[in-house]
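Presented below is the structure to which this report refers.
Any read-out appearing in this document is the output of simple, stated calculations on the displayed coordinates, not a laboratory observation. Fair warning: this is a prediction, and the values are worked out from it, not measured in the lab. Cβ: placed from backbone, ideal geometry, glycine included. Neighbour counts: every protein chain shown.
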């Protein structure tokens, strides 16, 4: 029996893949290519991942705060029908 994934899982997976690809292509690669020595490249990579982690944390905390304080998330999606 094949594993059936919900639409939500597919959408979050696609959004995560697009976000990670954009991060690597637009931020990480240029940051690491702008330095010549490997310690500078490692520092640039570390700082890039550090900022990426902070942005993800801000997004997750903001989303959880919205869900916690709004008590109603049905208005987020126009196709919810309510």
By the C-alpha gyration tensor axes a ≥ b ≥ c (rounded if a/c is under 1.5, else prolate when a/b exceeds b/c, else oblate), the shape of segment 21-60 is oblate
Under the 7 Å Cα-to-Cβ spin-label approximation, residue 51 and residue 10 lie apart by a distance in nanometres of 3.5 nm
